[in-house]
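Notes follow once the structure below has been shown.
Taken together, the values in this text are just the output of simple stated rules run on the coordinates, not laboratory data. All values derive from a computational prediction rather than experimental measurement. Note that each Cβ is placed from the backbone with ideal geometry, even for glycine, and that neighbours are counted across all protein chains shown.
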Amino acid sequence: MSSEQDLGITESKEHNTGEWYAEVVKKARLASYGPDGMSGFIVTRPRGYALWEAIQSELDGKFKSTGVQNAYFPMFIPESYLEREKDIVEGFDPEVAWATQGGYDELDERLAVRPTSESIIAPYMSEWVRSHRDLPLRLNQWCSVVRWEATETKPFFRTKEFLWQEGHTAHETFDEAWDETMLRLEQYAEIYEDLLAIPVLDGQKPDHDKFPGAHTTTTVEALMPDGKSVQAGTSHHLGTSFAEAFDITFSDEDEETQPAHTTSWGLSWRALGALIMTHSDDQGLVLPPTVAPEQVVVVPIWQEETKDDVLDYADEVASDLDDAGVRVELDDRDERNPGFKFNEWELKGVPVRIEIGPHEVEDDEVTIVHRPDGETTTADREGITETIRDHFDEVYAKLYAAAEERLEENVREADSREEILGTLGQHGGYVKAPWCGDEECEEPIKEPLAAEIVMCPFDDAEPIGDAEPTDDADDPDETCAICDDAATQTAFFAKNY
């Protein structure tokens, strides 16, 4: 075992969150930092990539079950393509990496390393759509993108290159595109809540923070234990702006040419950052059984005179679990004592540990330990597979309940700038306040605290386009918490990653 594994976690999640997080990522063997001179890049190790594959597999299945087909487009985008959608250029220009030379030759035109793919995918959608019979067109690609972030980077949360999926669709009507936008947002929420044990809030971004060129940007937001919000996934209703820029048109039933209504939506490996940050503790990584590379570790505990019986029994238990499709590891190493093994597998985040000693062999039982809280129970050897699956459900429920309680306790209300600043400064979390819809009213919060409006919740008002009255802001006496003008929306302020 390497020295990094022997040391364990030395930083405190509560008091030194950034350093603690980096230590967990490294020592749980999820990722390593990139080569010298490549700040902001990481190498994803097999255990880290396995977590991404678990998300990818679940999400890909959801997409395909609702009519999405996977494709792949070049990672280089001609500058002239980007220029056709001015809003994208303006929105991403500071973050775009450019290729100017191929081999020994200067390129005739600069090529952007994709920061997002609307401008390379839309021209081909234009070729593939001719009639209303070609719609809806639903495409998705799994790929990496590059955004040359100037801010401090953090593995998975913010890196210059990151993995994600990006979906792109075209529809006959505005409403059909809106239904698509919301369907993908719902699927993102399901990934967090049903796979990663993280409750999320959903809503739409304020107009000044929507995707460049979009009609509406919707978002799911997850609260981290340090009180910051993570933009966990976004789904954009693009209206007809991209269709008009790239000539995505179709002949309707009356043979009239119409622009398509398009969407795009994406979830990145920022989800891994949220997963690690949400559940892990000062002992290391904590994972729900749904995504853990190893769901169970079986640790035999023996003395020399009981070794053969204990190892045989442990091997049988592990084999039964493996045959049932459980991701199980049998740790029968001679050179490490049980305490070291417990600590190592706790650091790696294995949700359930099975301990087997001579007493378990004699009584035909197993001892089961939950990673999140150390709860220990004994269970019969018979029916071990069903028993372990029940314990998986219990561990998942514990993780979700803890995250849900944290979220519920950290949504607070405020009616003034002073209350917003005071609450965010003292508690973090989300502060819910009436807002007039003017971007200028975000600045008095953004400047002193680096906090912003992360979303405006959906409600009975039409949750699309320009600012619409919300239920909370329907009262004519409700005024903006910042400027005292009439409130038109409810805004959630938070610090974010």
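Numbers at a glance
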read-out	value
Cβ-defined net charge surrounding Phe250, 10 Å radius [Lys, Arg +1; Asp, Glu -1]	-2
³J(HN,Hα) computed for each position of segment 434-446 - Karplus, 6.51 cos²θ - 1.76 cosθ + 1.60, integer Hz, glycine/proline x	x, 9, 7, x, 8, 4, 4, 7, 7, 4, x, 9, 5
Inter-probe distance in nm under a simple model that places probes 7 Å from Cα toward Cβ, at Glu419 and Gln303	6.7
Partners for Lys348 among aspartates and glutamates (Cα-Cα distance below 14 Å; same-chain residues under 8 apart left out)	Glu4, Asp6, Glu23, Asp281, Asp282, Glu294, Glu329, Asp331
Contour minus Cα-Cα distance for Ser319 and Glu408 (0.36 nm per residue)	27.9 nm
Inter-site label distance for Met38 and Asp477 at 7 Å from Cα along Cβ, in nm	6.2
Sorted peptide list for 369-377, 153-161, criterion being average Cβ within 10 angstrom, highest first	153-161, 369-377
Cα gyration tensor category, rounded, prolate or oblate, for the chain with a/c compared to 1.5	prolate
Segment 20-66, relative contact order [Cα under 8 Å, separation at least 6], %	25
Mean ellipticity per residue at 222 nm, deg cm²/dmol - from DSSP H runs of n ≥ 4 across the chain, formula -39500 (n - 2.57)	-10500 deg cm²/dmol
By average C-beta atoms within 10 angstrom, highest first, the peptides 320-333, 405-418	320-333, 405-418
Cβ-Cβ FRET estimate between Asp108 and His15, R0 fixed at 56 Å, reported to 0.05	0.55
Extension gain (nm, one decimal) between Glu190 and Asp60, 0.36 nm per residue minus Cα-Cα	45.5 nm
Relative contact order [Cα under 8 Å, 6+ residues apart], the chain, whole percent	14
Positive minus negative residues near Ile77 (Lys, Arg vs Asp, Glu; Cβ under 14 Å)	-4
Helix 46-65 vs. the chain, principal-axis angle (Cα, 0 to 90°, nearest 10)	50
Environment charge of Val291, counting only residues whose C-beta is closer than 12 Å and scoring Lys/Arg +1, Asp/Glu -1	-2
Ranked by how many other beta carbons lie within 10 Å on average, peptides 44-50, 226-232, 285-291 from highest	285-291, 226-232, 44-50
Inter-label distance, nm, simple model (7 Å from Cα along the C-beta direction), Asp226/Asp312	5.3
Cα gyration tensor category, rounded, prolate or oblate, for segment 296-398 with a/c compared to 1.5	oblate
J(HN,Hα) series, segment 357-369, from Karplus relation 6.51 cos²θ - 1.76 cosθ + 1.60, nearest Hz, glycine and proline x	x, x, 5, 5, 4, 5, 8, 6, 10, 9, 9, 10, 10
Crossing angle, helix 17-27 versus the chain [Cα axis fit, 0-90 degrees, rounded to tens]	60
FRET efficiency for Gln426 and Ser80, using Cβ-Cβ distance with R0 set to 56 Å, rounded to 0.05	0.65
On Cα atoms only, tilt of 417-427 relative to the major axis of the chain in degrees	20
Segment 258-325 shape via C-alpha gyration tensor axes, a/c threshold 1.5	oblate
Cut-off under 5 Å, modelled amide H: who pairs with Glu329 long-range	Val296, Val297, Val298
